[in-house]
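A.B. asks: Please read through the structure below; I'll follow up with questions.
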Number of protein chains: 2
Amino acid sequence: MRIDPIGVIRTPYRNLADMPIQPRGGKGVRGEVIVDEAYAEGLADLEGFSHLYLIYQFHEARRTELTVVPFMDSSVRGVFATRSPLRPNHLGISVVELVAVQGARLVIEGVDILDKTPLLDIKPYIDAFDRVERSRSGWMGADGDEVEKKRSDERFV
Amino acid sequence: MRIDPIGVIRTPYRNLADMPIQPRGGKGVRGEVIVDEAYAEGLADLEGFSHLYLIYQFHEARRTELTVVPFMDSSVRGVFATRSPLRPNHLGISVVELVAVQGARLVIEGVDILDKTPLLDIKPYIDAFDRVERSRSGWMGADGDEVEKKRSDERFV
């Protein structure tokens, strides 16, 4: 299956060290999604949504591991029970806040994504589809505060 | 960029007609995720999570459109402001409930996915990362009840 980037994500994070590990840690941090002009028409009506899913390629991940030690833990875990970039296919998703749509350029907030990340898809976050009222987060015992403070390092290159 | 399926999603929906349009419409409907044995080790620790994101290929979508009329609406919308399969790269995501892990086979509930859909990734739903407290859903004015009742049709083949 062939996948082609539809644009690029620009953020203040030029390298993995010191990047937030999730959008909640990137609170207040702005970035831009630059969509290729060829796809600009597909952005119509997006401005009505407050949040988006971005699907992207972990382009700095150069290998695949089936078990990893995630940022929020000190134990080895199955990669599919983590959000590690070292997963098969190297696909990432983040929920970010949409601040503004300016032509084929989206201003976003709450960014945990490396600069120049290839963008594969944009989907609206839809409360009636996506909100999970009660969930269990397995080994991820951390609360929001810990996630906000945690920063990445080079372990997943 | 090359993407290879890591398994397949089995569901009761053999064709698009009458399939729920979102997991919330598939309440109580069970399916299975059959992960290739080569990736089974990566499923460790998944059983602690109550919900998963599945990333998959809309394998029945044979074309790309930049504007579509979504199931929940009667107006033409930009494809990135919808969850239509006719998007560039034909990537789908669903949040489903994880019922059981049996070796390389996951039993899931709340399924809105076509039978034999190629699976590209599994990620845990993590409350501290993914929960959006307040959001605006643009043209998608529908409430949960309407989403539950709505069924798909052939428009996105």
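A.B. asks: For the range B:109-140, give me the residue count where each residue is hydroxyl-bearing (Ser, Thr, Tyr) and farther than 20 Å from residue A:99 by Cβ.
C.D. replies: 2
A.B. asks: At the interface with chain B (Cβ under 7 Å from one of its Cβ atoms), within 26 Å of residue A:128 (Cα to Cα) and at pLDDT 95 or above - does that describe any residue in the range A:1-15?
C.D. replies: no
A.B. asks: Taking residue A:34, is it more than 10 Å from chain B (Cβ to nearest Cβ), within 19 Å of the chain's Cα centre (by Cα), surrounded by fewer than 22 Cβ atoms within 10 Å (Cβ to Cβ) and outside any loop (DSSP other than H, G, I, E, B)?
C.D. replies: Working: more than 10 Å from chain B (Cβ to nearest Cβ): yes; within 19 Å of the chain's Cα centre (by Cα): yes; surrounded by fewer than 22 Cβ atoms within 10 Å (Cβ to Cβ): yes; outside any loop (DSSP other than H, G, I, E, B): yes.
Against the criterion (more than 10 Å from chain B (Cβ to nearest Cβ), within 19 Å of the chain's Cα centre (by Cα), surrounded by fewer than 22 Cβ atoms within 10 Å (Cβ to Cβ) and outside any loop (DSSP other than H, G, I, E, B)), residue A:34 qualifies.
A.B. asks: Could you grab me the full set of residues in the range A:27-85 that are of a type in the set (Gly, Ala, Ser) and under 24 Å from residue B:121 (Cα atoms)?
C.D. replies: Residues satisfying the conditions are A:61, A:74, A:75, A:78, A:81, A:84.
A.B. asks: Being at pLDDT below 95 and of a type in the set (Phe, Trp, Tyr) is true for just one of A:71, A:80. Which residue is that?
C.D. replies: Residue meeting the stated conditions: A:71.
A.B. asks: If residue B:42 meets every condition in (1) more than 8 Å from chain A (Cβ to nearest Cβ); (2) out of contact with any His (no Cβ under 7 Å at 6 or more places or on another chain); (3) outside any loop (DSSP other than H, G, I, E, B) apart from one, which number is that one?
C.D. replies: Failed condition: (1).
A.B. asks: Go through the range B:37-51 and give me each residue that's free of Cβ contacts under 8 Å to residues at least 12 places away in the same chain, of a type in the set (Asp, Glu) and surrounded by fewer than 20 Cβ atoms within 10 Å (Cβ to Cβ).
C.D. replies: Hit for the range B:37-51 is B:41, nothing else.
A.B. asks: Report, ordered by the first and then the second residue, all pairs with beta carbons closer than 7 Å, sequence separation of six or more or different chains, a first member in the range A:121-146 that is at positive phi, and a second member that is in a strand (DSSP E or B) and at pLDDT 90 or above.
C.D. replies: A:138/B:49; A:138/B:124
The values are calculated or read from the model by the stated rules, or taken from the named source; none is laboratory data. Note that this is a predicted model, so its numbers are computed, not measured. Backbone-built Cβ (ideal geometry, glycine too); neighbour counts: all protein chains shown.
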